[in-house]
Amino acid sequence: AFLIQLLAQTYTHLGNAERATELYERAIAFAEESHYIQVKAKALIGWGQLLRQQGDLDAAIRNLTMALALLEDLGAQSDLAEAQFQLGLTHQAQHNAATAQTYLAAAMQNFEGIQAPCQVAKVQTAQRS
């Protein structure tokens, strides 16, 4: 499931949304069968990012919110922060500044907590946008 999720991310970065979507769906299905909660959450984050890039903001928010719910109980701070960051960007795209800032601030706090300065800088750049 993890390798499928990574391959989906690669297709996302290459701009092949159709193939990426197929792979995200497969990764999620396999993760559910195998009870790999973190992999399912990571696939939902990637798919949410792809959906935002495609302009399907409501679907992106649904996927990212599901990922966030899965990650809050796991203690996977890096993945949790990434879900918060992606939710912040998606709400920013919807011109919902207050909600966007809430998620971006939470992502910033989590990235600072795990001492990830490059990720902190990424969030700071998004906050200025």
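The values are calculated or read from the model by the stated rules, or taken from the named source; none is laboratory data. What you are looking at is a predicted structure, and each value in this text was computed from that prediction instead of being measured. All Cβ positions, glycine included, derive from the backbone under ideal geometry; neighbour counts span all protein chains shown. SASA here: full protein model, heavy atoms, side chains in, ligands and nucleic acids out. Shrake-Rupley method; radii C 1.70, N 1.55, O 1.52, S 1.80 Å.
Every residue in segment 73-87 that is at positive phi and within 12 Å of the chain's Cα centre (by Cα), please.
Matches in segment 73-87: none.
Out of curiosity, is Tyr36 in contact (Cβ under 8 Å) with a residue 24 or more places away in the chain and open to solvent by 50 Å² or more (accessible area, probe 1.4 Å)? Walk me through how you get there before you give the answer.
Details: in contact (Cβ under 8 Å) with a residue 24 or more places away in the chain: yes; open to solvent by 50 Å² or more (accessible area, probe 1.4 Å): yes.
For Tyr36, the condition - in contact (Cβ under 8 Å) with a residue 24 or more places away in the chain and open to solvent by 50 Å² or more (accessible area, probe 1.4 Å) - is met.
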Legend entry - Filter result for the condition that a residue is under 19 Å from Ala126 (Cα atoms), in a helix (DSSP H, G or I), among the β-branched types (Val, Ile, Thr) and over 9 Å from the mean Cα position of the chain (by Cα), over Ile45, Ile61, Ile28: Ile61
Legend entry - Evaluation of Ala20 against (1) touching a Phe, Trp or Tyr at 6+ places or on another chain (Cβ under 9 Å); (2) free of Cβ contacts under 8 Å to residues at least 24 places away in the same chain; (3) of a type outside the set (Val, Ile, Thr) (one fails), failing number: (2)
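Results for (1) open to solvent by 80 Å² or more (accessible area, probe 1.4 Å); (2) of a type in the set (Val, Ile, Thr); (3) under 18 Å from Glu72 (Cα atoms); (4) out of contact with any Cys (no Cβ under 7 Å at 6 or more places or on another chain), shown as yes or no for each residue.
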site: Phe2; (1), (2), (3), (4): yes, no, no, yes
site: Ala8; (1), (2), (3), (4): no, no, no, yes
site: Ala17; (1), (2), (3), (4): no, no, no, yes
site: Leu23; (1), (2), (3), (4): no, no, no, yes
site: Ala29; (1), (2), (3), (4): no, no, no, yes
site: Ala43; (1), (2), (3), (4): no, no, yes, yes
site: Gln49; (1), (2), (3), (4): no, no, no, yes
Legend entry - Sole exception among (1) open to solvent by 20 Å² or more (accessible area, probe 1.4 Å); (2) touching a Leu at 6+ places or on another chain (Cβ under 8 Å) for Asp58, by number: (2)
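Taking the conditions exactly as written (open to solvent by 20 Å² or more (accessible area, probe 1.4 Å) and in contact (Cβ under 8 Å) with a residue 12 or more places away in the chain), does Gln101 satisfy them or not? Even if it seems obvious, please write down each step before you answer.
Details: open to solvent by 20 Å² or more (accessible area, probe 1.4 Å): yes; in contact (Cβ under 8 Å) with a residue 12 or more places away in the chain: yes.
In short, yes.
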Legend entry - Failed item in (1) farther than 22 Å from Ala59 by Cβ; (2) crowded, with 23+ Cβ neighbours inside 10 Å, with Thr90 passing the rest: (1)
Legend entry - Sole exception among (1) touching a residue at least 24 places away in the same chain (Cβ under 8 Å); (2) of a type outside the set (D, E, K, R); (3) on the phi > 0 side of the Ramachandran plot for Leu70, by number: (3)
Inset, instruction - Sort out which residues of segment 66-86 are out of contact with any helix residue (DSSP H, G or I) (no Cβ under 7 Å at 6 or more places or on another chain) and either assigned to a helix (DSSP H, G or I) or surrounded by 24 or more Cβ atoms within 10 Å (Cβ to Cβ) (or both), and write them in order of number. - result: Ala69, Ser78
